[in-house]
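Read through the structure below, which is laid out as structure tokens, and then see the notes.
The values are calculated or read from the model by the stated rules, or taken from the named source; none is laboratory data. In this text the structure is predicted, and so the values were computed from the model without any measurement. For neighbour counting, all protein chains shown are included, and Cβ atoms are generated from backbone atoms with ideal geometry for every residue, glycine included. Remember, those area values only see protein heavy atoms, side chains included, never the ligands or the DNA or RNA. Shrake-Rupley method; radii C 1.70, N 1.55, O 1.52, S 1.80 Å.
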Amino acid sequence: MSEYLIEARDLVRMFGSRRERVTAVDGVSFGIREGEVVCLVGESGCGKTTTGKMIAGLLKPTTGQVLYTGKPVWTPRGDKGEDFKKFRLGVQIIHQDPYASLNPSHTIYQILSAPLLHHKLAANTREALDRVIELLTIVGLSPVEDFLYKYPHQLSGGQRQRVSVARALTVNPRFIVADEAVSMVDVSIRVGLLNMMADLKRNLGVTYLFITHDLAVAKFFAWEGRIAVMYVGSIVEFASTPQLINEPLHPYSKALLAAVPEADPELTRHKQRVELRSQDIPSLLALPSGCRFHPRCPYFEPGLCDVKRPALLPLDANRYVACHIAAREAGVQS
Amino acid sequence: MENKVASASKVADASKSKVPLTVEDLWVEYKIERGVVKAVRGVSFELARGESLALIGESGCGKTTLGVALIRLLVKAARIPKGEITYWRGNQGIDVLSLKERELRRFRWRECAMVFQSALNAFNPVLRIWDQILDTSKAHGGMPRQQVRERAMQLLEYVQLDPKRVIDAYPHELSGGMRQRVLLAMSLLLDPQVLILDEPTTALDILTQRTIIDLLRRLKDEIGFAMLFISHDLATAAELADRVATMYAGSIVEVGPVADIFYRPAHPYTLGLIRAVPTVTGEFEKLISIPGAPPDLVAPPPGCKFHPRCPYATERCLAEEPKLEAHYGETHSVACFNVRRVQEDTHDLQERYQRYMGGKTL
């Protein structure tokens with residue numbers, strides 16, 4: 001058995017035609033242990049959703065491999081055997097937009113019972129109904145009778161997102177990819193949703209890959225887990241959440257934490273800034289040489305950072321960083 | 001309903017010319033099939049020169065409707081049954097609600113410009129930036145072409161863009177942050193006194209958000225106009241606001257200086273919002289969610305509109321709607337019967353303030 005429930009090995013994903021190709025994800029590797037929460041954070045276009053889709057098996061990597069309980073998900077010929085079905089049932093995804101991800105012409109009961117019946121997880125509709133009621137209770141939609149025969153449009157955004165979570169839970173997954181699952185939900189509802197998802201981890205042992213652009217949400221949800229920071233297609237820092245938040249080592253992580261507006265006037269107005277050399281995010285069509293962050297990096301060293309691409313190296317027990325300067329300071333050969 | 005905001009009336013007495021915008025008991029309704037949506041219910045406030053007021057609240061609380069009503073760009077289904085909106089230039093007041101269409105067009109953008117949410121949709125995709133700037137200038141009774149061009153170039157440079165590259169570009173050629181900056185530049189074209197920003201940093205990435213926030217702060221300090229920004233994001237308010245007004249179900253339920261709102265909130269809803277939003281680099285805190293959901297504005301609950309979700313609610317809250325009244329001194333007003341009990345639960349926030357401020361209390 002592998003140490004990890006799910007593992008990404010050197011994932012690469014390209015999009016486009018032969019004439020014009022972009023590499024959206026460029027060599028991403030990490031592993032998630034059973035019961036762990038890993039947050040993938042980064043700005044729009046950094047490849048975090050693409051990575052999530054590959055991990056969830058919705059997108060085939062151009063090269064690289066996803067391993068589920070140590071077994072490769074993608075076979076060379078692309079055939080989908082028994083293992084693939086196990087993977088599909090074990091891994092679920094919750095999408096960002098609760099308005100687009102639920103079928104508008106189906107009732108909540110229909111939405112939730114379909115996978116149960118399809119995968120024969122319920123022998124008959126009676127059993128399915130019992131299970132649907134149980135699921136709605138787990139995600140906090142009660143009294144259940146108020147929701148069973150409603151259509152998605154009759155629910156609020158927060159309630160719909162709870163239905164999305166319930167749907168992911170129908171097949172008793174071990175692993176859930178939550179892609180910006182709370183981003184479209186109002187502040188007052190958000191915490192309830194996050195707490196509910198955290199309870200699933202505690203009570204059902206669900207493992208999460210939680211994708212978000214919101215550092216505050218990442219910190220709250222993955223406080224006992226780890227955060228991976230992505231920039232232009234690769235992970236630049238991967239560390240335990242308190243370490244990353246309190247003492248980021250990669251210049252990009254530092255810049256993000258220094259720039260993020262905080263819901264606390266004194267804290268946010270007295271932050272130490274990190275001045276970047278450029279505000280422009282590089283185009284995927286014309287990636288910078290060497291370290292992708294070097295044109296913006298305040299610690300840029302000519303002849304090093306623009307020549308050699310830094311590898312993601314372990315700098316201490318629980319932290320990986322892809323930066324020549326940080327590696328040197330930690331006494332690690334990059 | 002009388003909703004007098006203590007702080008603002010004081011400013012108004014000092015000198016009208018320092019208060020470019022006053023709003024009195026404003027109501028906005030939408031007619032829909034099911035009935036009448038009371039989107040804005042008796043809102044009063046004043047905006048001083050050089051000040052930034054943040055209007056915070058969740059989706060559907062009426063904050064965008066209020067913003068749009070201030071420049072009378074409401075959709076046809078909307079009606080203003082009651083209220084007054086006055087812009088002051090020197091001692092001369094302009095009664096916005098009685099302006100005719102032509103006057104209105106001159107008034108918009110010269111007195112008050114609005115930067116709309118979603119920088120992508122605010123542009124016409126088939127026109128170059130320059131043509132859109134020219135259109136704006138023409139529509140609102142602008143200047144000669146050459147002068148517009150010069151001013152546009154200056155403004156684009158001012159918002160830290162390369163004017164030569166941007167002015168002849170199409171909107172899709174610009175990134176989200178660049179578009180937001182172009183919109184800001186356009187809003188300044190006719191030198192308005194009041195700038196309304198609807199969710200100015202929403203949907204932008206962190207580093208881009210930071211440049212926009214820094215830019216807005218600079219604009220406010222250097223140009224000194226009054227800024228009203230509408231946001232669901234407490235962090236933006238914490239960054240940019242001098243004063244914060246919390247909106248719930250169409251009314252302002254609390255308004256006060258930014259430090260008051262964040263460190264000694266007096267309305268249960270404001271406190272609820274603060275408790276529900278984590279900071280990133282601050283201490284790790286347990287968060288508390290607000291139970292329930294915002295009310296249906298067609299058939300809102302009786303009494304205080306927040307009472308079904310409020311942990312402090314009493315019998316009185318069910319029967320009577322509290323008015324916005326001065327609380328801490330004259331600058332901080334709140335609409336709640338249970339302020340004292342709410343206050344008792346904010347000691348940790350006040351302590352946090354003291355820690356940041358080296359022992360200073362609010």
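With the cut-off at 24 Å, tell me which of the pairs A:271/B:63; B:82/B:305; B:100/B:323 have Cα atoms farther apart than that. Walk me through the numbers on the way to the answer.
Numbers: A:271/B:63 29 Å; B:82/B:305 20 Å; B:100/B:323 33 Å.
Checking Cα-Cα distances, A:271/B:63; B:100/B:323 exceed 24 Å.
Helix B:206-223 versus the longest principal axis of chain B: what is the Cα-based angle in degrees, 0 to 90, to the nearest 10? The angle comes out near 80 degrees. Straight-distance candidates among the aspartates and glutamates for linking to residue B:38, with alpha-carbon spacing under 14 Å and chain neighbours fewer than 8 residues away dropped: B:25, B:29, B:296. In chain A, the longest principal axis of the Cα atoms and the axis of helix A:108-118 are about 90 degrees apart. Would you give the gap between the C-alpha center of the stretch B:288-348 and the C-alpha center of the stretch B:124-202, rounded to a whole Å? Distance between centres, Cα-based: 42 Å.
Cβ-Cβ distance of residue B:202 and residue B:296, R₀ of 25 Å, FRET efficiency by 1/(1 + (r/R0)^6): the value works out to about 0.55.
GNM on chain B, C-alpha springs below 10 Å: top fluctuator among B:323, B:31, B:220? In this elastic network of chain B, the residue with the biggest mean-square fluctuation among B:323, B:31, B:220 is B:31. Within a straight-line Cα-Cα reach of under 24 Å, residue A:71 can be paired with the following lysines, leaving aside sequence neighbours fewer than 8 residues apart in one chain: A:48, A:53, A:60, A:80, A:85, A:86, A:201. Within the listed set A:174, A:19, A:160, the Gaussian network model of chain A (springs between alpha-carbon atoms below 10 Å) gives the highest mean-square fluctuation for A:19.
Note on exposure: B:332, B:172 ranked by accessible area (1.4 Å probe, complete protein assembly) read B:172, B:332, with the most exposed listed first. P(r) for chain B, from all Cα pairs and a bin width of 10 Å, is 5, 24, 32, 25, 11, 3, 0 %, short bins first.
Each label was represented as a point 7 Å from its Cα along the Cα-to-Cβ direction; for residue B:89 and residue B:75 these points are 3.2 nm apart.
Panel note: contact residues of the stretch B:277-291 (accessible area lowered by at least 30 Å² against the chain on its own; 1.4 Å probe) correspond to B:277, B:278, B:279, B:280, B:281, B:284, B:287, B:289.
If you restrict to DSSP beta bridges whose two residues both lie in the protein assembly as shown, what percentage is antiparallel, to the nearest 5? It would help to have the intermediate numbers written out before the result.
Working: 59 of 96 bridges.
DSSP beta bridges in the protein assembly as shown are roughly 60 percent antiparallel.
Once both labels are positioned 7 Å from their Cα atoms along Cα-to-Cβ, the gap between residue A:172 and residue A:130 label points is 1.4 nm. For the protein assembly as shown, which whole-number percentage of the solvent-accessible area (1.4 Å probe, protein heavy atoms only) is attributable to carbon and sulfur atoms? Carbon and sulfur: 50 percent of the exposed surface of the protein assembly as shown.
Between chains B and A, what is the buried accessible area summed over both chains (1.4 Å probe, protein heavy atoms, nearest 100 Å²)?
Details: alone 17100 and 16360 Å², together 29700 Å².
It comes to approximately 3800 Å² buried between B and A.
Based on DSSP, what percent of beta bridges with both residues in chain B are antiparallel, to the nearest 5? Approximately 60 percent, going by the DSSP bridge assignments.
Can you work out the accessible area per residue across the stretch A:192-235, with the rest of the protein chains kept in place, probe 1.4 Å, in square angstrom? Please list the in-between numbers first.
Values: 1150 Å² over 44 residues.
For the stretch A:192-235, the per-residue accessible area is 26 Å².
To test your reading of the geometry: what angle, between 0 and 90 degrees and rounded to tens, separates the Cα axis of helix B:129-139 from the longest principal axis of chain B? The answer is roughly 80 degrees.
For residue A:240, the solvent-accessible surface with a 1.4 Å probe is about 20 Å², rounded to the nearest 10. Report the calculated FRET efficiency for residue B:33 and residue B:82 (r = Cβ-Cβ distance, R0 = 22 Å), to the nearest 0.05. For residue B:33 and residue B:82, the calculated efficiency is 0.40. Once you've got the GNM for chain A with C-alpha springs shorter than 10 Å, pick whichever of A:139, A:187, A:37 has the biggest mean-square fluctuation. Taking springs between Cα atoms under 10 Å, the residue moving most is A:187.
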